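Visitor: Following this message is one structure expressed as structure tokens.
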Amino acid sequence: MHSPTPSDATAHGHTKEEEGDAPLSDELALVVAGARRRAVRDGDGRIDTAHLLHSLLEADPEVRAAFADKGQVARLLGYLVQRSIGYGLQWQGAVEDSGAVPLVRGAPGWSPAAAAAMEAGAERAAVRGDARARGVDVLAALAADGECRAVEVLGRAGVDVARLRQRLN
């Protein structure tokens, strides 16, 4: 079964599965669906990296295990919940573009940085010899983009992003 990827997802969740894009792991497909629901609920037109991070933390035990201090996960989730109830309003209506990656086109419903993180996660899985990206692959890609919203959230919650990158490599 193929799952939606940034290159074939729309803002409404429709996919072009018949085109044969590389599938996501079942866990990561759930993360994408959760991030999409969160973006819609937050009134955002696109899934951004903070939506992805929030959904990864909620849905993927392997992602939560990547944090050395388990208290960080609780702080992160608390911060992300605050964002979803209004803290992140300064981000609404603005397309996330960290500038760390070239602008990604053809990914409706995704910020350029989120689409790039999903693509980088798939590339990381391929290097590992896995046909399906996992949540930790996307987390590693998010942590590698020092200018994305997810890294801003990580930093504000007290996560040492450089150490997180080291643990994920």
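Visitor: With of a type in the set (A, V, I, L, M), part of a helix (DSSP H, G or I) and open to solvent by 20 Å² or more (accessible area, probe 1.4 Å) as the only criterion, which of V63, V40, V32, V73 stands out?
Guide: On inspection, the qualifying residue turns out to be V40.
Visitor: Turning to a different aspect of this structure: Looking at (1) under 21 Å from R41 (Cβ atoms); (2) among the aliphatic types (A, V, I, L, M); (3) modelled with pLDDT under 95; (4) part of a helix (DSSP H, G or I), which one does A107 not meet, given that it meets all the others?
Guide: (4)
Visitor: Please enumerate the residues belonging to region 127-169 that are free of Cβ contacts under 8 Å to residues at least 24 places away in the same chain and either among the basic types (K, R) or more than 16 Å from L53 (Cβ to Cβ) (or both).
Guide: Scanning region 127-169 gives V127, R128, G129, D130, A162, Q166.
Visitor: Can you say whether A131 is under 14 Å from S25 (Cα atoms), open to solvent by 20 Å² or more (accessible area, probe 1.4 Å) and of a type in the set (A, V, I, L, M, F, W, C), as far as the supplied structure shows?
Guide: Yes, satisfied.
The values are calculated or read from the model by the stated rules, or taken from the named source; none is laboratory data. Bear in mind that the values here come from a model prediction, so they are computed numbers and not experimental data. Virtual Cβ from ideal backbone geometry, glycine too; neighbours counted across all protein chains shown. For accessibility, only protein heavy atoms count, side chains too; no ligands or nucleic acids. Shrake-Rupley method; radii C 1.70, N 1.55, O 1.52, S 1.80 Å.
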